[in-house]
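I have placed the structure first, in the form of structure tokens, so that the comments after it can refer back to it.
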Amino acid sequence: METLMIQKSREGYSPDPKQLNSLALAYMGDAVYEEYIRHHVLLQGKTKPNQLHRDAVHFVSAKAQAAILKHLMDGQLLTEEEIAVVKRGRNAKSGTVPKNTDVQTYRHSTAFEALIGYHYLSGNRERMETLIEKAIKIAEEKKGGAR
């Protein structure tokens, strides 16, 4: 049975991201971003699972995602629509306590994931990939500076 949250898209049926709550957007954004990062890490030529995981953490940890979002916001690289999605994601109450980070970092990380999920579910692949490419560059710069 079709609900109001389902819309017809070129690829089939997809939830309407404007009607989804921010945590659902973050759920999807987390999965999509992780896939892009895993692909990126594999392209670096590493094959050992432990090394792949360690390298991926530099991009997908809550701390890394919060830093990426801060850079995007400070650099005024987001549209008004994207800023609204980020604010919704940041203010969403997850009901869980983060294990390895503080609440503020966790919320900013969730906001970044919501932004990626929003673009993915909206079919804005070009913009989503542009943001992911920027995220990779930002994380690599921070990783290089931390050495």
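Bear in mind these aren't lab numbers, they're just calculated from the coordinates by the rules spelled out. Bear in mind the structure is a predicted one, so any value in this text is a computation, not a measurement. No Cβ is skipped: glycine too gets one built from the backbone with ideal geometry, and neighbour counts run over all protein chains shown.
In whole Å, what is the distance between the alpha-carbon centres of segment 41-56 and segment 69-147?
Result: 22 Å between the Cα centres.
Any chance you could run the full-extension gain for Lys137 through Lys70? It's 0.36 nm times the residue separation minus the Cα-Cα distance, nm to one decimal.
My answer for the length gained is 22.8 nm.
For the chain, what is the calculated [θ] at 222 nm in deg cm²/dmol (nearest 500), taking -39500 (n - 2.57) for each run of four or more DSSP H residues and dividing by its residue count?
-22500 deg cm²/dmol
Can you work out the Karplus-derived ³J(HN,Hα) for every residue in segment 14-19? Use 6.51 cos²θ - 1.76 cosθ + 1.60 with θ = phi - 60°, whole Hz, and x for glycine or proline.
For segment 14-19, the Karplus-derived couplings read 9, x, 7, x, 6, 9 Hz, x marking Gly and Pro.
Straight-line reach from Lys87: which lysines have Cα under 26 Å away, leaving out those fewer than 8 places along the same chain?
Cα-Cα hits under 26 Å: Lys18, Lys63, Lys70, Lys99, Lys134, Lys137, Lys142.
Using the alpha-carbon atoms, what tilt in degrees (0 to 90, nearest 10) does helix 125-145 show relative to the longest principal axis of the chain?
Roughly 20 degrees between the two axes.
Please give the contour-minus-distance gain from Ala84 to Gln104: 0.36 nm per residue of separation, less the Cα-Cα distance, rounded to one decimal in nm.
Result: 5.4 nm gained on full extension.
Please give, to one decimal in nm, the separation of the simple spin-label points placed at Lys46 and Glu34, each 7 Å out from Cα toward the Cβ.
Inter-label distance under the simple model: 1.7 nm.
Can you find, among His40, Ala114, Leu131, the residue farthest towards the positive end of the dipole of the chain? Put +1 on the C-beta of Lys and Arg, -1 on that of Asp and Glu.
His40
Name the long-range amide H neighbours of Ser14: under 5 Å, sequence gap of 5 or more, or other chain; modelled H, no Pro or chain starts.
Correct list: Gln7, Ser9.
When a/c is below 1.5 the answer is rounded, else prolate if a/b is larger than b/c, else oblate, so apply that to segment 85-147 with a ≥ b ≥ c taken from the square roots of the Cα gyration tensor eigenvalues.
Oblate, because a/c is 1.5 or more while a/b does not exceed b/c.
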